[in-house]
Amino acid sequence: MYRPLILGQGQSGKSAFRLFLKENIIPVLYDDQSKTAVDFTLIDRVVVSPGFTQEHPLIQMAYEKGIKVQSEVDLALEKMSAGCLIGITGSNGKSTCVKKMEHVFLSLGFKAKALGNIEIPLTSEDLSGYDIVVIEMSAQQLETTHSRVLDLGVILNIQPNHLDRYHTMERYEQVKRKIFHLVREGGTSLGPNTSMEEIWDWVAKKFSIDKEKIYEALTTYQNLPHRLEYLGDFFGKKIYNDSKSTTISSTLYALNAVEGPVQLILGGRSKGENLLSFRENLLKRPLKRILAIGETMHIIKEIFDPKIEVVLCETLEKAVDEGLKGEGNLLLSPGFASYDQFNSYAHRGESFKQRIEWEKKMLS
């Protein structure tokens, strides 16, 4: 009897596994840590988690044998029967966009759900009763997603990201543009560089909604944690947690959004970014100084010093201590991945908030 092979035991892999079990199918579950033996004569499809690149030997073997390779998103889309399907991708702002859309739709009385790359796998829920499903799609997921079912496909923006995986901007952009191949006949494609205003125009027309009602619904929307999250005015400065920032382009976005002079906590693990190409744009922002952390802190100092003061802090805790003593609002928008010192961007953001709380208690 043929069985599916699931590559990866993270959220998406486990969710796909549970979906197959509901259908009385027992998949083969593989992870590079456990390296289960795989007999391809018994495999009828391969479901790929985002962490597996297309160069992985098992994926290459599947292609050679003509076995279907798909993402967990694609597996769900094959079986999905929701009313309207919207796919959102981009280098920055995907999660905020899909959550804003979910909030607006729910506020206007629709049964709607946002999921996908926002850490809620598509296969984790029965979506047959929903009016609208808004799906955040990463480049890694788009690589192996094929179902042409979207009513709307959006690329918010394309900026340097994941170059450790894709090596060139041309390849990265090519993968992002795959979302347009998922739009059904008669559907709509928007982007790259699509504004929220254009998306709301589409929503208003598609669902015959007065745009004023959309803007009214947006007044009650609250930002997601770790995405330009305002923590308050303490120690004579405004403090922001933008730990979700894992690219320099997202750091630039944050610096534009924060008013007044800023002390920026910057650094982490590189994903192949060319920091030098962003230097001039960063220096145009109201930066008082950079508090450098993580594996990239010496590179940051080499590129920005002496044009702007760079303090080598190494750890996030030391950066917070230094920032609270200095002049200017304090912004954690690291611009790099968190895996040098943390389990995830959320772990990094929570650590930042905990340190702020600890400092407040020390002064009370």
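The numbers here are math on the coordinates, done by the rules we state, and not lab data. These numbers come from a predicted model, not from an experiment. A quick note on method: Cβ atoms are made from the backbone with ideal geometry, for glycine too, and the neighbour counts reach across all protein chains shown.
Using modelled backbone amide H atoms (1.01 Å from N, in-plane), which distant-in-sequence or interchain residues come within less than 5 Å of D31's amide H?
Distant-sequence amide H within range of D31: G8, T36.
Calculate, in whole percent, how much of the Cα-Cα pair population of region 229-363 lies beyond 23 Å.
22 percent
Sorting check: for 170-181, 55-66, which peptide has the highest mean count of neighbouring beta carbons within 10 Å, and how do the rest follow?
Ranking, from highest mean packing down: 170-181, 55-66.
In whole Hz and in residue order, list the ³J(HN,Hα) couplings for region 180-191 that follow from phi through the Karplus curve 6.51 cos²θ - 1.76 cosθ + 1.60, θ = phi - 60°; x for Gly and Pro.
Computed from phi, the couplings for region 180-191 are 5, 6, 9, 7, 5, 4, x, x, 10, 10, 10, x Hz.
Among all the aspartates and glutamates, which ones have a C-alpha under 16 Å from K307's C-alpha, if same-chain residues fewer than 8 places away are not counted?
Straight-line reach from K307, under 16 Å: E280.
Cα extents of the chain along the three principal axes, largest first, in whole Å?
Dimensions of the chain along the principal axes of its Cα atoms: 65, 53, 41 Å.
Output ³J(HN,Hα) for region 111-120: one whole-Hz value per residue in order, computed from phi by the Karplus curve 6.51 cos²θ - 1.76 cosθ + 1.60 with θ = phi - 60°, and x for Gly and Pro.
Working through the residues one at a time gives 8, 9, 8, 9, 7, x, 6, 7, 6, 10 Hz.
Tell me, T247, T315 in order of fewest to most beta-carbon neighbours within 10 Å?
By the 10 Å Cβ count, ascending, the order reads T315, T247.
Students often forget the sequence filter, so: which aspartates and glutamates lie under 12 Å Cα-Cα from K318 once same-chain residues fewer than 8 apart are removed?
Cα-Cα hits under 12 Å: E359.
On a 21 Å Cα-Cα criterion, which of the cross-link pairs K111/K211; K113/K353; K35/K176; K325/K361; K79/K99 come out too long?
Going by Cα-Cα distance, K113/K353; K35/K176; K79/K99 fall outside the 21 Å limit.
For L190, L150, what's the fewest-to-most ordering of other Cβ within 10 Å of each Cβ?
Arranged by neighbour count, lowest to highest, L190, L150 become L190, L150.
Tell me, what are the semi-axes, in whole angstrom and largest first, of the equivalent ellipsoid of region 92-208 as set by the roots of 5 times the Cα gyration tensor eigenvalues?
Each semi-axis is √(5λ); the values are 24, 16, 14 Å.
Determine the percent antiparallel among the DSSP beta bridges restricted to region 229-363, to the nearest 5.
25 percent
What order do you get for I43, I248 when you list them from fewest to most C-beta neighbours inside 10 Å?
Sorted ascending by nearby Cβ count, the order is I43, I248.
Which value at 222 nm does the chain reach when only helices count, each DSSP H run of 4 or more adding -39,500 (n - 2.57), with the total divided by all residues and rounded to the nearest 500 deg cm²/dmol?
Computed ellipticity for the chain at 222 nm equals -10000 deg cm²/dmol.
Give me the aspartates and glutamates in straight-line cross-link reach of K206: C-alpha distance below 13 Å, same-chain residues under 8 apart excluded.
The reachable aspartates and glutamates, counting only those whose Cα sits under 13 Å from K206, are D131, D151, E198.
Using the per-residue mean of other Cβ atoms lying within 10 Å as a proxy for protection, in what order, highest first, do the peptides 107-113, 350-356, 260-266, 302-308 fall?
Order by mean packing, descending: 260-266, 350-356, 107-113, 302-308.
Report, in whole Å, the centroid distance computed from the Cα atoms of region 50-72 and region 178-209.
Value for the Cα centre distance between the two parts: 30 Å.
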